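Bear in mind these aren't lab numbers, they're just calculated from the coordinates by the rules spelled out. For clarity, every value in this text was computed on a predicted model and none was experimentally measured. Virtual Cβ from ideal backbone geometry, glycine too; neighbours counted across all protein chains shown.
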């Protein structure tokens with residue numbers, strides 16, 4: 001029950017009005033108390049989208065390997081990974097394997113990740129191989 005602010009007398013309101021006011025209060029409270037969704041880290045994105053093929057350690061031994069005609073890249077192989085530029089890694093993540101004349105089984109992720117997230121994934125892959133292009 002609400003009170004009339006000028007007379008201090010109780011004012012009866014209908015159930016629909018009370019429900020509506022409660023709902024508005026809850027929405028207002030939640031909008032201030034729930035922070036915006038945090039951006040996923042590159043490691044989280046890799047774990048979610050890449051490990052099925054590239055494995056939990058990035059070694060190319062994911063759960064899908066047994067059904068694949070082409071083995072996924074071992075991202076921990078410093079020799080092989082240092083032969084790929086960051087630009088090539090970015091392009092294959094964004095556009096898929098065919099973009100760099102590799103397997104059609106590597107899907108394009110450009111509609112899933114922003115360019116910034118793809119750059120972060122490239123750096124994550126560099127951390128897996130502990131290498132840089134040409135080194």
Neighbouring Cβ atoms within 10 Å as the yardstick, rank 47, 66, 73 fewest first. 66, 47, 73
Computed E for residue 64/residue 119 - FRET, C-beta separation, R0 25 angstrom, nearest 0.05: 0.50
Two-decimal Rg/Rh of region 42-129 from alpha-carbon positions, Kirkwood Rh? 0.92
Order of 104, 92 - criterion: other Cβ atoms within 10 Å of each residue's Cβ, fewest first: 104, 92
Nitroxide proxy distance, nm - points 7 Å out along Cα→Cβ at residue 112 and residue 57: 2.3
